[in-house]
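The values are calculated or read from the model by the stated rules, or taken from the named source; none is laboratory data. Here the structure is a predicted model, which means the values were calculated and not measured. Quick reminder, even Gly has a Cβ in these numbers, built from the backbone with ideal geometry, and neighbours come from all protein chains shown.
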Amino acid sequence: MRAAVMRAYKTPLTIEDIELARPGPREVRVRTAATGVCHSDLHCIEAALPVPPPTVLGHEPAGVVVEVGPGVTHVQPGDHVIGCLSAFCGSCAYCLSGQPNLCGGAATQRAPGEPPRLSKKGELIHQFAHLSAFAEEMLVHENALVKIRKEMPLDRAALIGCGVTTGLGAVLNTASIRPGDTAAVIGCGGVGLAAIQGCRIGGASRIIAVDTLAWKLDLAKKLGATDAIDASAEDAMMKVLGLTGGVDYAFECIGLKQTAAQGLGMIHKGGTLVLVGVVPIGTNLELNGLDIVLQGKSIVGSMMGSNRFRIDMPRYVDFYLDGRLLLDEMISQRFSLDDVNKAFDMMKAGEVARSVIALAG
């Protein structure tokens, strides 16, 4: 099968023919229909996350089940599925306490000494995030998949696999936003736009979008933001304070220490800063400790939207199909697998909210 392989850091991905193993116990072979292009993939290419080459990246997929191995019970051939990097074992303390997103899924991987899921003429190709979605097919543990309604378009379903679940979940699960609450969302890429929609769906009374690109702010308002602040033209923190006196929640959706500090300053006494964006390895945040203590502010991390994806993702599909969740508007561009590097170039240039690699109908 054809796949986009990261052979070295800071170099373009190469399109190669690689081999996919046959499904083993509880493994599922999926024909990849589409996969979103996420900034975390770019972090890997740029060596900001510790992922060793050669690796097939991609972790925001949807597709169709082709074959199942022994013991698979959740899906069968022909089912439409979303893949999620939050693969869960189902028996650890995190899974049993309702936090499967923190499991890590180590027990769902093949054991040392077993043939790898991905290879090329005997060479090991690493699987990324339990998925490796920049490929025509995937071989994954069934606990990395959730079955969805077949009427859901798969190229839009793919967005739910990471960005939408991360943004919506940060609002609805991690923050548990309530009707009437106020919020600021810093960064209006795919995750931030999903967070804005989560605020709207959750009933927030004021939703302030913050970005440096005017077209992203315009899109944010179409998706539910009540206010938009161009951080390239004015002090975003002071503007938020001027508009609201401080918001209940600030969602940092970029992963920068500067914007994290700004988010802390945007919330009022007793407010909560939710850190959503992936911070590159080796980056430490610098936050005002006195501000946190004397004003009773809280800081929480949101790993993949605190998801229970087998529950959350079908709900998000329902949100799309009944018109509450807008996904078509979030897709700026569709690419073939051959143009995956162009997708990353456009991401780095700030020209897309979310792009999708279309692999099959």
Checklist entry - Could you say which residue among Gly282, Gly296 is in the same structural domain as Cys253 (by TED's automatic domain parsing), more than 26 Å from His59 (Cβ to Cβ), without any contact (Cβ under 8 Å) to a residue 60 or more places away in the chain and not in a helix (DSSP H, G or I)? => result Gly296
Checklist entry - Do we have Ser119 as farther than 25 Å from Ser355 by Cβ, part of a strand (DSSP E or B) and of a type outside the set (A, V, I, L, M) here? => result yes
Next on the checklist: For the structure I just gave you, tell me whether Gly113 is outside the structural domain of Gly271 (by TED's automatic domain parsing) and surrounded by fewer than 20 Cβ atoms within 10 Å (Cβ to Cβ).
Outcome noted: yes
Item to check | Residue list for the range 315-329, filter: in a helix (DSSP H, G or I) and surrounded by fewer than 17 Cβ atoms within 10 Å (Cβ to Cβ) | outcome: Arg315, Asp318, Leu321, Asp328, Glu329
Next on the checklist: Just to verify a result, which residue in the range 2-20, among those that are buried (at least 16 other Cβ atoms within 10 Å of the Cβ) and part of a loop (DSSP other than H, G, I, E, B), is nearest to the chain's Cα centre (by Cα)?
Outcome noted: Leu13
Checklist entry - Could you count how many residues in the range 229-253 are part of a strand (DSSP E or B) and among the small types (Gly, Ala, Ser)? => result 1
Checklist outcome for this item: Selection over the range 330-359 where residues are surrounded by fewer than 13 Cβ atoms within 10 Å (Cβ to Cβ) and under 15 Å from Arg156 (Cα atoms) yields a count of 0
Checklist entry - Could you say which residue among Met303, Met347, Met330, Met313 is in contact with a Lys or Arg (Cβ under 8 Å, 6 or more places away or on another chain) and hydrophobic (A, V, I, L, M, F, W, C)? => result Met330
Checklist outcome for this item: The residue that is surrounded by the most Cβ atoms within 10 Å (Cβ to Cβ), considering only those in the range 116-141 that are within 18 Å of Glu67 (Cα to Cα) and not hydrophobic (A, V, I, L, M, F, W, C), is Ser132
Checklist entry - Could you say whether any residue in the range 243-255 is without any contact (Cβ under 8 Å) to a residue 60 or more places away in the chain, over 20 Å from His43 (Cβ atoms) and in contact with an Asp or Glu (Cβ under 9 Å, 6 or more places away or on another chain)? => result yes
Checklist outcome for this item: Residue pairs within 6 Å by beta carbon, gap of at least six or interchain, first lying in the range 1-27 and within 16 Å of Ser40 (Cα to Cα), second in a strand (DSSP E or B), listed first then second, are Ala4/Ile15; Val5/Thr14; Val5/Glu16; Val5/Val56; Met6/Thr55; Leu13/Ala4; Leu13/Met6
Next on the checklist: Take the residues in the range 262-287 that are modelled with pLDDT under 95 and under 23 Å from Asp181 (Cβ atoms); name whichever of them is farthest from the chain's Cα centre (by Cα).
Outcome noted: Leu287
Next on the checklist: Which count do you get for residues in the range 60-95 that are of a type in the set (S, T, N, Q) and either on the phi > 0 side of the Ramachandran plot or under 25 Å from the mean Cα position of the chain (by Cα) (or both)?
Outcome noted: 2
Item to check | Selected residue (criterion: surrounded by the fewest Cβ atoms within 10 Å (Cβ to Cβ)) from residues of the range 299-314 that are assigned to a helix (DSSP H, G or I) and of a type in the set (A, V, I, L, M) | outcome: Ile311
Checklist entry - Got at least one residue in the range 196-203 being surrounded by fewer than 19 Cβ atoms within 10 Å (Cβ to Cβ) and touching a residue at least 60 places away in the same chain (Cβ under 8 Å)? => result yes
Checklist outcome for this item: Cys89 fails exactly one of (1) part of a strand (DSSP E or B); (2) without any contact (Cβ under 8 Å) to a residue 60 or more places away in the chain, namely (1)
